[in-house]
Amino acid sequence: MSYCALRFETDAAQAEAWSDALLDLGALSVDLSDPHIGTDKETPQYGEPGMPGEVLWPTVRIDALFPQPFPDSINDGNAGTETLTPPRNDSAPPLPPSQPSPKGGRSRLPSPSGGGLGRGQEGARLNQNHPKALTAALTKIAAALSCPLPLFEIAPIAERDWVRETQSQFGPIAVTDDFWIVPTWSTPPTQASHLLRLDPGLAFGTGSHPTTLLCLRWLREHVRPADSVLDYGCGSGILLLAARLFDAGANGAAFGTDIDPQALIASRENAAANRLDARFVAPEQLPERTFDLVIANILANPLRALAPLLAGRAAIGGRLILSGVLEEQQEELCACYEPWFEIAPWQTLDGWVLLAGIRVSGIGDQASGIKA
């Protein structure tokens, strides 16, 4: 099958409505991203459970993937407009000048050829050169949203070996000089005396993200063979498997848990692929016991809520590492855990921080009802 990519920019207030309309029109996928990604105007956005609403950029780039030829729905005079209502602000502000499309964007679509969106006469030619049915459909959607038709461009996506192209984006990852995470399609580096075989999948954790990398580096330096280990929010299982690689959690003392069933499936498959013994179960299936090492690489809001639970899972004198914490969140997170732990930042990487603590006897236990 052949595909093409439609790209334009719009105001944040209209972005979600445009996305819904394009999907109704027959788009296979729609991606929203920062049009200034990779430039000094890029605006990072962070979201996690518990945060109010969804935050978008003031101007949003929309990439929509369509099959070729276009679906018949594009010829439907009302396609994409049935469920639309105009945004609360009746007059949308004009689009700011567009920026060239930088390399390395977050869009799931390949960048259409020709760089940024045109303006003025060139932008008008862009719209005029596209199929009349598509232009008519987009015009009706814009009218339903009470906004001008945005300048858009459309480009064919050449047929590729998508599996090979995806694999090319993931190569061996160096945790330390001697510890590497290596996809199954890559040859391990000669210096990799310790390695995990791990392919990217549906569960979080390939070793490339700073939060995971910080945990892996801590484990390489500090994990002890006699430790029992709990990985709370295990994702792909990478952190528990790294602990097992260095002989922690032996004799059935390595447990990982996650609320996502797909994560548990992926973790078990990764354990089998690496021939490492570890148990991955739902939270309610965890044994009633404490652990010498508790790992939680999640996000700040869940970590706040989990503080009493994780404290109850850590043995007296046991250790805790928390990741998924931004540098500006570290003081608040430390305060959440100080009733039970002596805790402090260990290392930072690209704006993220790993917190490491030791479970202290008696502090806060009576108030929380925890039996350590």
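The values are calculated or read from the model by the stated rules, or taken from the named source; none is laboratory data. Worth saying up front: this structure is predicted, and the values here are computed from it rather than measured. Here Cβ is always computed from backbone atoms with ideal geometry, including for glycine, and neighbour counts include all displayed protein chains. Please note that ligands, DNA and RNA were not included when accessible areas were found on the heavy atoms of the full protein model with its side chains. Shrake-Rupley method; radii C 1.70, N 1.55, O 1.52, S 1.80 Å.
Using the Cα centre as the reference, give the magnitude of the dipole from point charges on the C-beta atoms of region 123-248 (Lys, Arg: +1; Asp, Glu: -1; all else neutral), rounded to the nearest 20 debye.
Value, rounded to 20: 520 debye.
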request  = For an R0 of 22 angstrom, estimate the FRET efficiency from the Cβ-Cβ distance between Trp185 and Gln45 and round to the nearest 0.05.
outcome  = 0.10
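Packing-wise, with mean Cβ within 10 Å as the measure, how do 329-336, 24-31, 227-234, 183-190 rank, highest first? Walk me through the numbers on the way to the answer.
Numbers: 329-336: 16.2, 24-31: 18.6, 227-234: 26.0, 183-190: 11.9.
Highest mean packing first, the order is 227-234, 24-31, 329-336, 183-190.
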request  = Using a 1.4 angstrom probe on heavy atoms only, work out the carbon and sulfur share of the accessible area of region 252-372 in %.
outcome  = 51
query = How big is region 253-372 by Rg and Dmax over its Cα atoms, in Å?
reply = 14.8, 44
query = At a probe radius of 1.4 Å, what is the per-residue accessible area of Leu245, in Å² to the nearest 10?
reply = 50
ask   = Using 1/(1 + (r/R0)^6) with R0 = 30 angstrom and r between the beta carbons of Arg197 and Glu221, what's the FRET efficiency to the nearest 0.05?
value = 0.85
task = Send over a whole-number figure in Å² for the accessible area per residue of region 179-306, probe 1.4 Å.
result = 42
